[in-house]
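Note sheet for the following structure.
The values are calculated or read from the model by the stated rules, or taken from the named source; none is laboratory data. Since the structure is predicted, the reported quantities are computational estimates derived from the model, not experimental observations. Backbone-built Cβ (ideal geometry, glycine too); neighbour counts: all protein chains shown.
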Amino acid sequence: MTSENYKQIQTMKNRSLISIDDFTKEEYFSVLDAAEQFERKPVQNILDGKVVATLFFEPSTRTRLSFESAVNYLGGKVIGFSDVSSSSVKKGESLKDTILTVCNYSDLIVLRHPREGSARYASEVGTVPIVNAGDGANQHPTQCLLDLYSIRKTQGKLDNLDIAFVGDLKYGRTVHSLVIAMTNFNCRFHLVSPPELKLPSSVKMHIKEKNLEYYQYTDLSEVIPMADIIYMTRIQRERFSDPIDYEKVKNAYILNRSLLGNTKPNMKILHPLPRVNEINEDVDDMPQAYYFQQALNGLYVRQAILKLILGL
Ligand code: CP
């Protein structure tokens, strides 16, 4: 390890991971490089004696289980809950009291919560590092890092790519984090959404600040031939206050085999998952489909995050 790498790794030690823009491009690379090592050797006993708490106030399959799997492969122990009705939250305990209590029992907390800003708040009141596993429609930084890993692995680089983001760009927290991260890499952004689900101005501001190009579309077929990455997303039903509004847009985009006749040879389809029906199953065995491999990459990236934050 070079002294420069060592210095960068030290900067993540004991830090919470709340928003992707709290971290530098160099820190992203520290995570991706460490993840590559875990992909080569996922079983390492470096978390012996460490306890990681996973507190999930919203449903999850990939984020919670890949974190728990990461801890298990690294020899640590996991505590936590995935159903708030089995915790004292059900009795009215506040987030602050829950965090202060669980800090007594663990070395790091992975938190998913429906309220935007909840992870930041937890990091301000807590005494151990907090990893944001999704706070409402705001941010999902560990998903972002595994998306960066997947893009680098499939494209051989992160720079100068044409990335199409498709679907619910308003409520999709994975989109918000990844757009912000990719503004570090001179990309062109192709934003495909229904008019009512456009990327929020607060996220577009990051693109504008870097003087990068972005284009907005409502028609998915326009972007398919030019994209290096197509990042599909689910319409986030749980964020709509009126179910009728969800019904209007729920099937806005459905990617299927017949739409993929003219793509760049390097093009890959990513999706943070879960999908509902925005990618037809007839795409799953096409060479462009990368979303299940992407979910596997989450294991290695989360191992890297645990290692770097716990300073091991
Ligand atoms: N990508 C993602 O956050 O998936 P889960 O909701 O299953 O954790």
Among the residues of segment 222-233, are any surrounded by fewer than 21 Cβ atoms within 10 Å (Cβ to Cβ), within 16 Å of the ligand (Cβ to nearest atom) and in contact (Cβ under 8 Å) with a residue 24 or more places away in the chain? no
Could you list, in sequence order, all residues of segment 227-260 that are in contact with an Asp or Glu (Cβ under 8 Å, 6 or more places away or on another chain), under 24 Å from Leu299 (Cβ atoms) and not in a loop (DSSP other than H, G, I, E, B)? Ile229, Tyr231, Met232
If I filter segment 67-80 for residues that are assigned to a strand (DSSP E or B), within 20 Å of the chain's Cα centre (by Cα) and within 16 Å of the ligand (Cβ to nearest atom), do I get at least one hit? no
Checking the structure you have, find out if any residue of segment 261-280 is over 23 Å from the mean Cα position of the chain (by Cα) and not in a loop (DSSP other than H, G, I, E, B). no
Looking at segment 40-64 only, could you name the residues that are buried (at least 17 other Cβ atoms within 10 Å of the Cβ), under 21 Å from the mean Cα position of the chain (by Cα) and over 20 Å from Ser123 (Cβ atoms)? Arg62
Those residues that are in contact with a helix residue (DSSP H, G or I) (Cβ under 8 Å, 6 or more places away or on another chain) and within 14 Å of Glu278 (Cβ to Cβ), I need them from segment 233-251; list them, please. Thr233, Ile235, Arg237, Tyr246, Val249, Lys250
Scan segment 228-272 residue by residue and report those that are modelled with pLDDT under 95 and among the acidic types (Asp, Glu). Glu238, Asp242, Asp245, Glu247
From the list Leu47, Leu108, Leu95, Leu32, which one is under 19 Å from Cys144 (Cα atoms) and more than 16 Å from the ligand (Cβ to nearest atom)? Leu32
Return the residues of segment 205-218 that are closer than 16 Å to Leu158 by Cβ, touching a Phe, Trp or Tyr at 6+ places or on another chain (Cβ under 8 Å) and not in a loop (DSSP other than H, G, I, E, B); say none if nothing qualifies. Ile207
Would you say Ser106 is among the small types (Gly, Ala, Ser), surrounded by fewer than 19 Cβ atoms within 10 Å (Cβ to Cβ) and either under 16 Å from Thr127 (Cβ atoms) or touching a helix residue (DSSP H, G or I) at 6+ places or on another chain (Cβ under 9 Å) (or both)? no
Taking the condition touching a residue at least 40 places away in the same chain (Cβ under 8 Å), within 16 Å of Leu310 (Cβ to Cβ) and in contact with a helix residue (DSSP H, G or I) (Cβ under 6 Å, 6 or more places away or on another chain), does Ser16 pass? yes
Given (1) at pLDDT below 95; (2) in contact with a strand residue (DSSP E or B) (Cβ under 6 Å, 6 or more places away or on another chain); (3) not small (Gly, Ala, Ser), where does Tyr217 come up short, assuming only one miss? (1)
Checklist (1) touching a residue at least 24 places away in the same chain (Cβ under 8 Å); (2) more than 17 Å from Thr142 (Cβ to Cβ); (3) away from the ligand (no atom under 16 Å from the Cβ); (4) not polar (S, T, N, Q) applied to Arg40, failing item: (1)
Hey, among the residues in segment 270-288 that are free of Cβ contacts under 8 Å to residues at least 60 places away in the same chain and within 16 Å of the ligand (Cβ to nearest atom), which one's surrounded by the fewest Cβ atoms within 10 Å (Cβ to Cβ)? Val276
